[in-house]
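Quick notes on the structure that follows.
No lab work stands behind these numbers, since they all come straight from the coordinates. Quick caveat: nothing in here was measured; it's all calculated off a predicted structure. As a convention, Cβ positions derive from the backbone with ideal geometry for all residues, glycine included, and neighbour counts pool all protein chains shown.
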Amino acid sequence: MKKCILSLAAISLLACQSQSKKLTLPEAPQVTLTKAEVQLKPVEGFNFKWGGFSGLSFIKEEKNGDLLFWTLTDRGPNGAEFKRDKKVMRGFFSPNFTPSFIQLKYIKAENKVVIVKTIPFHNSDNKPMSGLPPKESISKVESPTDLIGTSLEQDNNGVDSESMTVDEKNHFWVGEEYFPSILEFDAKGKLVSRLFPAAQPNTALKKNEIPNAFAHRGFNRGFEAIGYKNGKIFFMSQSPLKVPDVHKDKEFSVIRIGVFNTKTRMYEAEYLYPLTHRKVDKIGDLTMISDTEFYVIEQNGEVGADSVHLIYKVDLSKATNLVKSPLEQNPETYSQKDLLAKVTPVAKTLAVNLVKAGYNEFEKMEGLTIINGKTLAIINDNDFGVQDNKITERSAVLGIIAQ
């Protein structure tokens, strides 16, 4: 079977999908997978261990072959959402937890991963930041409670961190889900800047603004993927946006890829990434190869042999930049046929089938980075061990993939 490359030139973006309910994927090249478990240690002052890893960035390879990475936590351990008085609520195990950057070391001789150091998020006043949702936002947010349902105070500086990358100044760039927004931290974890969606749709963007449409993400479906290359931040929402009058097409939908120029501080490009089979509804993370290419995770949040966890190689070079060629309406509102008559989405080539490679025991693969050449690394989010609203032991595993 030939590889499937998705582009406008294809007769249909569904050409690689079976028309039956059973999913048929194109073949992916064979890879070699090495798995190493993270030796999790307790978070000082709390009754749980470090975890919730939601991003990954390669630092360097040491002389003995050991590998160093940055990852980060999400907002902290929390329970399942529930509704009260028509509001969506969320229980937080530890409301005082501060999301943090984590440095990991893969020890090659022992095939294990250890935590080297942690850097808590701090705001511009150098005060620790929380993982609690804001009081007000142009996006709908959950209302926080403790574990017995007592309402908690909301935090306009709160962060639900879900992705990260590092620039040449060793500044961390973080994608989060509440507003959603993109945060820039210095090497010590102090907030430098924060990019928010514009307050109104269809307005000219100012410096440090991103389009209002990103505010229309679903709950917990914010900026799940972010990468950096040559002064530009590339980012994606986890799932298609829920803009008004979205087209109801179960076979085809699009996720926006945004590009922010860190030098001009302007949003300068936007491309469309097609999801083209019904079993996949979200992406995990991305890592840049060049100015026009990156790898991205597609997945469906299931485990085992029948789950879907894929890494695609993506090419932006021939895709339509919607900032320069705007549509008459949001791309999510078009049918597949009408959209493809107007724009060219990015091209996709299946690079790794993680399930077939043997990395299929986790629901959430949320960290992806390039080590060198065609060698990738991936890590799962273990939700701090939370399962069925209780903290248990759940593994976090680094996977090293040689293509």
- prompt: Which order do peptides 68-80, 116-128, 366-378 fall in by mean Cβ count within 10 Å, highest first?
  reply: 68-80, 366-378, 116-128
message: Given a Förster distance of 22 Å, report the FRET efficiency between S335 and R278 from their Cβ-Cβ distance, rounded to the nearest 0.05.
response: 0.85
- line: Rounded to one decimal in nm, the spacing of the 7 Å Cα→Cβ label points at K41 and I289 is 3.8 nm
Over the chain, relative contact order from alpha-carbon pairs under 8 Å, at least 6 apart, %: 18 percent
message: What does the extension gain come out to for V246 and F219, with contour length at 0.36 nm per residue minus their alpha carbon separation?
response: 8.1 nm
field: Principal axis dimensions, the chain - Cα atoms, whole angstrom, descending
entry: 57, 50, 42
- line: Per the rule of 0.36 nm per residue minus the C-alpha distance, extending E302 to K374 adds in nm 23.3 nm
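Please compute the length gained on full extension between E136 and I148, using 0.36 nm multiplied by the number of residues separating them and subtracting their Cα-Cα distance.
Details: separation 12, 0.36 × 12 = 4.32 nm, distance 2.38 nm.
Taking 0.36 nm per residue and subtracting the Cα distance, the gain is 1.9 nm.
If you add up the charges near V159, with Lys and Arg at +1 and Asp and Glu at -1, over every other residue whose beta carbon is less than 10 angstrom from its beta carbon, what do you get? Let's see the in-between values first.
Numbers: positive: R75, R194; negative: D74, D155, D160, E162, E176, E177.
Value of the local net charge: -4.
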- prompt: Around E302, which amide H atoms from residues at least 5 apart in sequence, or from another chain, sit under 5 Å from its own amide H, with H modelled in the peptide plane?
  reply: V308
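In Å, what Kirkwood hydrodynamic radius results for segment 236-334 from the alpha-carbon pair distances? Don't jump to the answer; show the numbers that get you there.
Working: mean 1/r = 0.0680 Å⁻¹.
Answer for segment 236-334: a Kirkwood hydrodynamic radius of 14.7 Å.
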Under 5 Å, built H, 5+ apart or other chain: amide partners of L132: V159
- request: Tell me the GluC sites (Glu not before Pro) within segment 66-175 that lie in a loop according to DSSP and have at most 14 other beta-carbon atoms within 10 Å.
  value: E110, E136, E153, E168
Estimated [θ] at 222 nm from DSSP helical runs (n ≥ 4, -39500 (n - 2.57)) normalised by residues in the chain, nearest 500: -500 deg cm²/dmol
message: What is the distance in Å between the Cα centroid of segment 31-81 and that of segment 212-236?
response: 21 Å
